[in-house]
């Protein structure tokens, strides 16, 4: 098993690895340690998921962002939950479904999502 990444750059360089279960969820300390590397993300669902919210410039900005996230998710083989509400409020929740909690894959995907440009509402 590889060492857990300790910086944002290390997360971005890693690739999500297939998880069919059988691996332990991250501990609260491990999750909080990795959370420091993904700005804007927070723990939700009693520490079982991470989430980030954005307010996009308009509806199409949200859809374009989700299309880019979907492409990345396919490349990584790790699929987040995408939420669009009120035509421009977007949110992403990530967790490793097979283990019912967080794994390093979730933080790898979050760090890579953070590199995708998004047109946000500025005022």
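The values are calculated or read from the model by the stated rules, or taken from the named source; none is laboratory data. Bear in mind the structure is a predicted one, so any value in this text is a computation, not a measurement. For neighbour counting, all protein chains shown are included, and Cβ atoms are generated from backbone atoms with ideal geometry for every residue, glycine included.
Summary of computed values
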| quantity | calculated |
| --- | --- |
| Any hit, the stretch 55-68, residues being in contact with a helix residue (DSSP H, G or I) (Cβ under 9 Å, 6 or more places away or on another chain) and on the phi > 0 side of the Ramachandran plot | no |
| Members of the stretch 1-35 found to be at pLDDT 75 or above and within 13 Å of the chain's Cα centre (by Cα), listed by number | 8, 11, 12, 31, 34, 35 |
| Within the stretch 22-38, considering residues that are in a loop (DSSP other than H, G, I, E, B) and in contact with a strand residue (DSSP E or B) (Cβ under 9 Å, 6 or more places away or on another chain), the one surrounded by the fewest Cβ atoms within 10 Å (Cβ to Cβ) | 24 |
| Residue ID - modelled with the lowest pLDDT, chosen from residues in the stretch 105-123 that are crowded, with 19+ Cβ neighbours inside 10 Å and in contact with a strand residue (DSSP E or B) (Cβ under 8 Å, 6 or more places away or on another chain) | 105 |
